[in-house]
Each structure stands twice: as structure tokens, then as C-alpha cells.
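S.K.: Structure provided below as C-alpha cells; questions to follow.
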């Protein structure tokens, strides 16, 4: 009888609890923090910072006001070179420069693109001539779609001819009736002036080569 009373004494308080209370208490006492069963832990306080803060931390280093510095287009030296057809406008490498009859003078655009540019590469960069060279026309430039700067002379975009494999060649002159060189009055006021311009151009090219080799 005493054993029975002891068992009843233990069971009666448990029976008085709400249904399921004892199992819940046991689970809360034995289970780890939520997610620990999958190896997860609570993130540190620093990890709760917005990701955008880290991304923008390095912004604005390009300039004092956070803006990227504008790109400065390269310069290209144009020369006056003596050829079989007379003095012509040429690149520093001596390749004859042409203008395209489909281009509209002073329009700021080029009608040569795609396959045309493969045969007639654009002369790129801001053009300049050696000190003392006195061209009849005016040098300038346009910006092609995509941002490439192309040199101009008298309002016409400038090109070379891929078939001119050697310096001084002028095989593209008159090609298709729409490709032309700059020579004669379009280049220099007189023949004597063109000759002097060619001499100054040659000296400028030699000086440029000497400067690059000494670097």
C-alpha cells in the first residue's frame, strides 16, 4: 500500500499539468539554438551591414568629385611626302592619305564603315604637323560611332589604302572614281612651299624616332 501511494504521489502532480507541457519543456532544455542542427550559427553584428555599403566604398577614386577623368585622344603626326605624283599628305610612316567622295565635307561623319574600313583604314587620333609646315587646308577631327577619333583635313575624314604596302605609294588615287589624294594647291600654296614642308616633315619624323628609341 505504501508503494502504491508513493507512485500515485508522483503521478498526480504530472497529471495536473496541461497536456503536452512536460514534453515541450524537455525539448527546450535539450535542443540547441535554432538552425544549429544544420551547422548554422547566428551571424555576427557586422554581417548585418547592407552589401551596398561595401560595394560603394571604393567609388569616387577616379577624380576629386568622384567622376572618371575624360579620355584624351591620341595625336597623330601628318607629313608632306614626295611621291611619283607629287607632294602628298601622308602619315608619319609615309603612307599616303586619302579622302572619300561619299563623305560630306564638314558633316562630322564618315560614310566608310564595315568592309570599307578594311580596305581604307581610318587615320585615327588628333592630327598635327611639324613646326614650320604650312598646309593650305585646316586640320581637325571627328568622333566615329564607338568613340574612335578620326583625323580630318579640310573637313574630310582621312584614310589610308590597305593596298599601299610601301611608303609613298598612291595606288588608291582615283579608285572607283571616289577616292582621292591631297596634292597640289589643296596641300600647299606653291611647289617650293610643298618641298619645304616635306623637309620639315622628314626632320620631325626623324626626331620622333630618335626620341622613342632613347626612352
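S.K.: If you go through the range 109-139, how many residues are surrounded by 13 or more Cβ atoms within 10 Å (Cβ to Cβ) and on the phi > 0 side of the Ramachandran plot?
M.R.: Here the count works out to 1.
S.K.: Here's a follow-up. Tell me yes or no: at least one residue of the range 96-116 is under 25 Å from the mean Cα position of the chain (by Cα) and part of a helix (DSSP H, G or I).
M.R.: Scanning the range 96-116, I find at least one residue that is under 25 Å from the mean Cα position of the chain (by Cα) and part of a helix (DSSP H, G or I), so the answer is yes.
S.K.: Further question: What number of residues within the range 171-207 satisfy the criterion of being within 33 Å of the chain's Cα centre (by Cα), crowded, with 18+ Cβ neighbours inside 10 Å and in a loop (DSSP other than H, G, I, E, B)?
M.R.: 2
S.K.: A further question follows. Please determine, by comparing only the residues of the range 117-132 that are assigned to a strand (DSSP E or B) and over 21 Å from residue 173 (Cβ atoms), which one is farthest from the chain's Cα centre (by Cα). I'd like the intermediate steps shown before the answer.
M.R.: Initially, the range 117-132 is screened for residues assigned to a strand (DSSP E or B), giving 122, 124, 126-128.
Checking which are over 21 Å from residue 173 (Cβ atoms) leaves us with 124, 126, 128.
Working: 124: 15, 126: 17, 128: 23 Å.
The residue in question is 128.
S.K.: Can you tell me which of 168, 211 is within 35 Å of the chain's Cα centre (by Cα) and on the phi > 0 side of the Ramachandran plot? Show your work before the answer.
M.R.: On the way: 211 fails: on the phi > 0 side of the Ramachandran plot.
Being within 35 Å of the chain's Cα centre (by Cα) and on the phi > 0 side of the Ramachandran plot holds for just one of 168, 211, which is 168.
Any read-out appearing in this document is the output of simple, stated calculations on the displayed coordinates, not a laboratory observation. Just so it is clear, the model here is predicted, and its values are computed rather than measured. Please note: Cβ atoms are built from the backbone with ideal geometry, for glycine as well, and neighbour counts cover all protein chains shown.
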